[in-house]
Amino acid sequence: MSSEQSLNSYRGKRDFSRSPEPKGSDPEARSGAHRFVIQKHKASTLHYDFRIELDGVLKSWAVPKGPSTNPADKRLAIATEDHPLEYIDFEGTIPETEYGGGTVLVWDRGTYENLKGEPLQNALDRGQVEIWLHGQKLKGGYALVRTDKRWLLIKMKDDQADARRKPVSTEPRSVKSGRTIEEIAEEDGGE
Ligand code: MN
């Protein structure tokens with residue numbers, strides 16, 4: 001499937017005349033790099049959107065509790081529609097009346113390496129992904145494992161594992177703007 005086709009679901013859910021989110025049409029956005037982003041999204045329910053760049057789109061999961069640095073934690077990750085690459089920098093407020101309405105904060109970003117000896121798309125298809133994150137907050141190995149219809153996001157055991165750090169609660173600010181989600185909502189949310 002081309003990246004244009006795989007964005008049909010994303011575009012079909014959104015009215016770009018009302019939402020500030022990117023439509024995703026810029027071929028220059030394709031970097032060939034392996035980037036990731038985690039966006040804290042205060043919508044009807046708070047969650048963290050984990051997105052990794054692959055073949056011109058952002059493969060995406062919604063993680064209700066956010067990522068952990070403790071290998072004992074298995075965090076539910078709900079697969080969501082592919083997002084355009086331009087979304088990697090998106091921070092701001094989506095109108096309440098629109099799909100995903102609420103505030104988005106760039107909680108972490110950086111690059112990743114595929115730790116498996118096979119193409120990442122194959123690992124995704126098999127539901128057995130292992131990647132090494134070079135983020136500003138998250139570093140080290142993370143596994144995304146599919147069991148039945150559910151994915152789990154799990155910190156792998158390595159020297160970056162830390163059961164006590166709890167970055168979701170102790171490091172709440174945007175790595176893009178330094179703001180908290182409340183500050184973004186105040187500054188960008190005014191009608
Ligand atoms: Mn979301």
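The values are calculated or read from the model by the stated rules, or taken from the named source; none is laboratory data. Fair warning: this is a prediction, and the values are worked out from it, not measured in the lab. Note that each Cβ is placed from the backbone with ideal geometry, even for glycine, and that neighbours are counted across all protein chains shown. Ligands, DNA and RNA are stripped out before the accessible areas are found, and what is left, the full protein with its side chains, is counted by its heavy atoms. Shrake-Rupley method; radii C 1.70, N 1.55, O 1.52, S 1.80 Å.
Numbers at a glance
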read-out: Value at 222 nm in deg cm²/dmol, rounded to 500, when DSSP H runs of n ≥ 4 in the chain each add -39,500 (n - 2.57); value: -3000 deg cm²/dmol
read-out: Sequence-separation-based contact order of the chain, relative, with Cα cut under 8 Å and 6+ spacing, percent; value: 22
read-out: By average C-beta atoms within 10 angstrom, highest first, the peptides 171-180, 67-76; value: 67-76, 171-180
read-out: Rg and Dmax of the chain, Cα atoms only, in Å; value: 16.0, 50
read-out: The stretch 53-155: GluC sites (Glu not before Pro) falling in loop per DSSP and having at most 11 other Cβ within 10 Å; value: Glu96
read-out: In Å², nearest 10: area of Tyr142 left accessible to a 1.4 Å probe; value: 0
